[in-house]
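Visitor: My questions all concern the structure below.
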Amino acid sequence: MKTVNHWIGGKTVEGTSGNYGPVTDPATGAVTTQVALASLEEVDAAVAAAKDAYATWGTSSLAARTAVLFRYRALLDARRDDIAALITAEHGKVHSDALGEVARGLEIVELACGITTQLKGELSTQVSSRVDVSSIRQSLGVVAGITPFNFPAMVPMWMFPLAIACGNTFVLKPSEKDPSAANLLAELAAEAGLPDGVLNVLHGDKVAVDGLLNHPDVAAVSFVGSTPIARYIHTTASANGKRVQALGGAKNHMLVLPDADLDAAADAAVSAAYGSAGERCMAISAVVAVGAVGDELVARIKERAEKIKIGPGNDPTSEMGPLITAAHRDKVASYVTGAAAQGADVVLDGTGYTVDGFEDGHWIGLSLLDHVSTDSDAYKDEIFGPVLCVLRAETYEEGVALMNASPFGNGTAIFTRDGGAARRFQLEIEAGMVGVNVPIPVPVGYHSFGGWKDSLFGDHHIYGNDGVHFYTRGKVVTTRWPDPAEAPAGVDLGFPRNH
């Protein structure tokens with residue numbers, strides 16, 4: 001069986017812990033690969049390689065760093081199909097979704113290529129007699145990234161390109177469920193000329209995570225995942241004096257006003273709820289229908305959802321693939337089977353779905369739940385699967401109050417033709433990312449991504465300006481130089497004497 005090993009110090013390093021995790025093809029249910037799970041000694045080795053590399057990378061020129069990143073961007077572009085194929089094989093998402101993931105990751109690599117303008121400092125001259133004050137930003141040292149299974153290429157690329165562009169070195173701990181894409185990203189970085197040890201990939205489970213959180217040579221930790229783990233990451237790393245950005249879970253709402261284009265709203269709800277099989281923190285999982293539009297909106301969503309073709313991710317005709325594991329599939333299904341007992345109308349029931357010839361895959365169909373109560377488990381929990389809840393509100397104010405009562409505040413959207421209503425919504429809604437007639441408001445690379453409330457722990461969002469600030473720290477320098485005309489006697493600098 002193929003083994004995915006670590007990438008440390010610019011080369012593949014076989015695992016020595018003796019512990020391995022299974023990597024499954026979600027479409028077949030078969031274990032195709034095993035991944036080495038790091039021991040604390042292997043955590044130390046990865047951090048040591050990054051620390052050694054920082055001695056030279058941290059003082060390298062911006063020109064040298066960006067030259068590597070430009071070459072890296074070209075290699076990623078040339079190999080995007082290969083990266084997407086690895087994602088499909090281990091995560092299960094359809095190839096088009098996987099290609100989209102790579103494209104979004106490339107945006108941040110492109111941002112990192114232009115890091116020179118982001119790292120410019122500031123200067124104030126003559127703040128006092130012959131005194132100048134300047135502000136500069138410097139790298140942190142060794143930083144770590146802990147990334148989730150749902151975007152095994154994109155989320156790492158949201159982190160390490162900016163981190164290394166800023167002069168840091170990086171230890172990436174990807175999900176052990178789909179680890180191969182991370183290794184290919186590191187191999188291509190080495191091919192682009194990234195020095196050994198600047199980017200390391202350490203595979204593992206909680207042992208590796210805790211090793212990074214507690215390691216004295218790790219200066220900062222970036223994380224994307226569920227809210228309970230994000231809270232743990234933030235608490236543990238912060239207690240160890242580390243800078244932390246920990247992005248947690250979500251329950252993203254879409255408010256549909258009575259004046260909305262219902263066809264556009266239904267199209268948006270289907271793509272945002274069921275794309276990537278709902279396994280994304282920006283999925284719309286709750287639609288709030290205002291006034292009398294609810295019944296018609298649900299009917300249009302149902303009509304579209306029933307036409308979605310589910311199948312293996314490497315089948316070009318498939319529009320949605322399986323879920324990552326059988327256990328996760330069963331958990332998602334439990335919310336649907338329990339919904340009716342908690343007062344919901346089950347309009348579409350995707351449990352029990354199978355694909356001919358792939359009966360052992362981790363399949364689930366699309367589920368649509370109407371008249372969902374805010375007290376139900378299907379509404380309160382982040383399901384992370386293709387389940388869409390529809391709630392009803394009589395007024396705009398009631399809908400916004402319902403949404404703001406959620407403990408999550410990642411992303412949200414409003415569908416309306418009224419500019420005034422949209423303007424009120426973007427100011428009144430308590431979420432970090434807002435879409436106006438845009439169901440998945442993921443910012444472009446030069447704006448930062450991140451939520452509010454239980455969707456973010458830490459002060460910095462990811463990538464964009466916040467990403468640059470997270471991976472650097474500010475320093476202010478105040479200088480005073482004597483006037484050369486006042487040089488001591490016997491020192492001739494070519495200036496006329498004042499006396």
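The values are calculated or read from the model by the stated rules, or taken from the named source; none is laboratory data. As the structure is a computational prediction, the values presented were derived from the model and not from experiment. We place every Cβ from the backbone using ideal geometry, glycine too, and count neighbours over all the protein chains shown. Side chains are part of the model used for accessible areas, which takes the heavy atoms of the whole protein and leaves out ligands, DNA and RNA. Shrake-Rupley method; radii C 1.70, N 1.55, O 1.52, S 1.80 Å.
Visitor: For A30 and N437 in the same chain, what is the full-extension length gain: residue separation times 0.36 nm, less their Cα-Cα distance, in nm?
Guide: Length difference between fully extended and current span is 142.5 nm.
Visitor: Scanning the chain for helices, which whole DSSP H stretches are 20 Å or more long along the axis (Cα) and average -0.5 or more by Kyte-Doolittle?
Guide: Membrane-span-like by this rule: 40-57, 62-78, 95-113.
Visitor: Just subtract the alpha-carbon distance of Q138 and K331 from 0.36 nm times their residue separation and send over the number in nm, one decimal.
Guide: 65.0 nm
Visitor: Taking the Cβ of H469 as the centre, find all other residues whose Cβ is under 12 Å away and add up their charges (Lys, Arg: +1; Asp, Glu: -1).
Guide: +1
Visitor: Another question, then. Roughly speaking, what is the centre-to-centre gap between region 170-188 and region 349-405 when only Cα atoms are used, to the nearest Å?
Guide: First find each Cα centre; the distance between them is then 31 Å.
Visitor: Please give the FRET efficiency for D81 paired with N240, using the beta carbon to beta carbon distance and R0 = 56 Å, rounded to the nearest 0.05.
Guide: For D81 and N240, the calculated efficiency is 0.85.
Visitor: Okay, next question. Sequence neighbours fewer than 8 away in the same chain don't count; with that in mind, list the lysines whose C-alpha is under 28 Å from K51.
Guide: K11, K120, K173, K177, K206, K242, K475
Visitor: Could you calculate the contour length gain from D263 to T59, that is, 0.36 nm times the residue separation minus the distance between their Cα atoms, to one decimal place in nm?
Guide: 67.9 nm
Visitor: Follow-up. Please report the antiparallel percentage of the DSSP beta bridges confined to the chain, to the nearest 5.
Guide: Values: 31 of 74 bridges.
Close to 40 percent.
Visitor: Identify the GluC sites (Glu not before Pro) of region 348-409 meeting these criteria: DSSP loop state and at most 13 other C-beta atoms within 10 Å of the C-beta. Each step should come with its number before you reach the end.
Guide: Values: sites: E359, E382, E394, E397, E398; in loops: E359, E382, E394.
Passing sites in region 348-409 are E359, E394.
Visitor: Measure off 7 Å from each Cα along the Cα-to-Cβ vector at E398 and Q126, then give the distance between these two points in nanometres to one decimal.
Guide: Each label point is offset 7 Å from its Cα along the Cβ direction, giving 6.6 nm.
Visitor: Here's something else I'd like to know. Please go through region 278-345 and write out the GluC sites (Glu not before Pro) that DSSP classes as loop and that have at most 15 other C-beta atoms within 10 Å.
Guide: Qualifying residues, ordered by number: E306.
Visitor: For every helix of n ≥ 4 consecutive DSSP H residues, a contribution of -39,500 (n - 2.57) applies; sum these over the chain, divide by its total residues, and give [θ] at 222 nm rounded to the nearest 500 deg cm²/dmol.
Guide: -11000 deg cm²/dmol
Visitor: Where the centroid of each part is defined by its Cα atoms, how far is region 142-157 from region 11-66 in Å?
Guide: So the separation of the two Cα centres works out to 12 Å.
Visitor: Keeping the other protein chains in place, figure out the carbon and sulfur percent of the accessible area of region 244-302, with a 1.4 Å probe.
Guide: 52
Visitor: Something else: Name the aspartates and glutamates eligible as straight-distance cross-link partners of K453: C-alpha to C-alpha under 18 Å, and not fewer than 8 places from it in the same chain.
Guide: Here the aspartates and glutamates satisfying the reach criterion relative to K453 are D381, E382, E428, E430, D466.
Visitor: In Å and on Cα atoms, what radius of gyration and Dmax does region 154-210 show?
Guide: 11.1, 32
Visitor: Would you mind counting up the charge near L369? Only other residues with Cβ under 10 Å from its Cβ, with Lys and Arg at +1 and Asp and Glu at -1.
Guide: Working: positive: none; negative: D345, D349, D370.
Local charge sum for L369: -3.
Visitor: Would you give the gap between the C-alpha center of region 452-485 and the C-alpha center of region 231-290, rounded to a whole Å?
Guide: Here the two parts' Cα centres lie 28 Å apart.
Visitor: Further question on the same structure: Any chance you could list the semi-axes, whole Å, largest first, of the equivalent ellipsoid that the Cα gyration tensor gives for region 344-499, using √(5λ)?
Guide: On the way: eigenvalues 681, 99, 36 Å².
Semi-axes, largest first: 58, 22, 13 Å.
Visitor: If R₀ is 30 angstrom, what is the calculated FRET efficiency for the pair D418 and D381, using the beta carbon separation as r and rounding to 0.05?
Guide: 0.40
Visitor: Give me the percent of DSSP beta bridges within region 118-198 that run antiparallel, rounded to the nearest 5. Please report the intermediate quantities before stating the final value.
Guide: Working: 4 of 9 bridges.
In region 118-198, DSSP labels about 45 percent of beta bridges as antiparallel.
Visitor: Okay, next question. Over the Cα atoms of the chain, what is the Rg over Rh ratio if Rh follows Kirkwood?
Guide: Ratio of gyration radius to Kirkwood radius: 1.05.
Visitor: If you don't mind, another one. Lysines near K307 by alpha-carbon distance under 29 Å, same-chain residues fewer than 8 away left out - which ones?
Guide: Of all the lysines, those that pass the test against K307 - Cα under 29 Å, at least 8 places apart if same chain - are K93, K251, K331, K380.
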